[in-house]
Amino acid sequence: MANNIQSSDPVRRHKVVVCRDLGPDVMPLLRERRELELIVWPEDKFCDRKWLLENIPGCSGVLVMLSDIVNEEFLDTCGPSLKVVSTMSVGYDHVKLPALAQRGIKLGYTPDVLTDAVADLSVMLALMASRNAKQTLSVVQNGEWPSFSWAPFAFCGRQISSSSQKRTITVGFLGFGRIAKATLARLVPFGINHVIFLSSPKSKRDSPNECAEFERQFGVKSVRRTADLQELARESDIVFVLAPGGPSTHHIIDEYFLRAMKPTAVLVNPSRGTLVDSDALAKAVHEGWIWGAGLDVVEGEPNVTADHPLVKEPRCVVLPHVGSATFETRLEMASLAARNLIAGVLGEELEHELGLQSYTSP
């Protein structure tokens, strides 16, 4: 009788592939689900493409990292059983969205949870680039400090704080979403009182009086929206690049933009490397069109070596895409990616799903 009851209520198992072990706090979310047949890339490094293509045929869901390219080859290899791709990232440049849309495959991603971590890093990059952190650290690390001759203006950088009514610092934002607003909230105690921002033409205004409402919300004197990239460049003492990637924003920070910036200004990019023309930026810093730059992302990463023109610039701080790299944030991202995967495979609503309705053609 027991055997008959067990066989009459079988558990349907869905094959899922996970491109990285998500650790002891997250993997049980997947391993404890009887509905899942779990296949996990066993090494703590980039998932091997050959291994991935060998293991995804017939799967219902795949959990990927930024380094895993989801294209037609990937989707054709999975076959018609694929229901969901869950990426442990906010960005989705590694995913061919029209191909997913045409096949009716859901895409889960992990926004919101890294807002605070990236905002923290944005301010850190602004400070490092403004105060010559790279140059001055090298003096200590290279053992040059004992022989360095002090001078009244040695090591001096630009000050981003202002408690004086005589000095106005304008912060510019290319993109004014969650992370930009969180960054601004962190800058207000520095005495930042003037803000200019440019956001996507597709983005809706918060209200007819949005700028006045932002002024009240953040406690600053002036917030202005502009539709003019050149005005953003001319007016800003610091430009935070916090817009999404994609063809519409490719190299939006180009030589024309950089030449319009103040020679005392700093550019900070913690969003997507493709937004900034690396050669133009290296030239801008080297020739003094701007004071410096703080970058957490670079076009072509991770293939950024010591001879890269941006890495070679003393006033350009380059970090290896660590904006979300806090234990708290990565744990939340991994957990959300796992939950998105499970929901997609079981036909439930994803906690965070990217709408693909507009991606109907390659």
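Determine, yes or no, whether ARG216 is outside any loop (DSSP other than H, G, I, E, B) and free of Cβ contacts under 8 Å to residues at least 12 places away in the same chain. Full working, then the answer.
Values: outside any loop (DSSP other than H, G, I, E, B): yes; free of Cβ contacts under 8 Å to residues at least 12 places away in the same chain: yes.
Criteria met by ARG216.
Of ARG131, ARG103, which residue is within 19 Å of LEU356 (Cα to Cα), touching a residue at least 12 places away in the same chain (Cβ under 8 Å) and not small (Gly, Ala, Ser)?
Details: ARG131 fails: within 19 Å of LEU356 (Cα to Cα).
Matching residue, one of ARG131, ARG103: ARG103.
Need pairs with beta-carbon distance below 7 Å; first residue touching a residue at least 12 places away in the same chain (Cβ under 8 Å) and within the range 61-85, second polar (S, T, N, Q) and part of a strand (DSSP E or B); sequence gap 6+ or separate chains.
GLY61/SER86; LEU63/SER86; VAL64/THR87
In the range 145-161, how many residues are surrounded by 10 or more Cβ atoms within 10 Å (Cβ to Cβ) and under 23 Å from VAL266 (Cβ atoms)? Working first, answer last.
The initial filter retains those residues of the range 145-161 that are surrounded by 10 or more Cβ atoms within 10 Å (Cβ to Cβ), namely 145, 148, 154-161.
Keeping just the survivors that are under 23 Å from VAL266 (Cβ atoms) gives 154-161.
Count: 8.
Is the range 329-343 home to any residue that is more than 17 Å from PRO111 (Cα to Cα) and either under 17 Å from the mean Cα position of the chain (by Cα) or at pLDDT 95 or above (or both)?
Step one: filter the range 329-343 for residues more than 17 Å from PRO111 (Cα to Cα), giving 342.
Those still in the list that are either under 17 Å from the mean Cα position of the chain (by Cα) or at pLDDT 95 or above (or both) too: 342.
There is at least one residue in the range 329-343 that is more than 17 Å from PRO111 (Cα to Cα) and either under 17 Å from the mean Cα position of the chain (by Cα) or at pLDDT 95 or above (or both).
For residues that are under 15 Å from VAL85 (Cα atoms) and assigned to a loop (DSSP other than H, G, I, E, B), tally how many sit in the range 23-69.
Looking only at that region, the number is 10.
For the range 243-280, what are the residues that are under 24 Å from GLY91 (Cα atoms), surrounded by 15 or more Cβ atoms within 10 Å (Cβ to Cβ) and among the acidic types (Asp, Glu)?
Those that are under 24 Å from GLY91 (Cα atoms), surrounded by 15 or more Cβ atoms within 10 Å (Cβ to Cβ) and among the acidic types (Asp, Glu): ASP254, ASP277.
The values are calculated or read from the model by the stated rules, or taken from the named source; none is laboratory data. None of the values given here were measured: they were computed from a predicted structure. Counting neighbours? That spans all protein chains shown, and the Cβs are built from the backbone with ideal geometry, glycine included.
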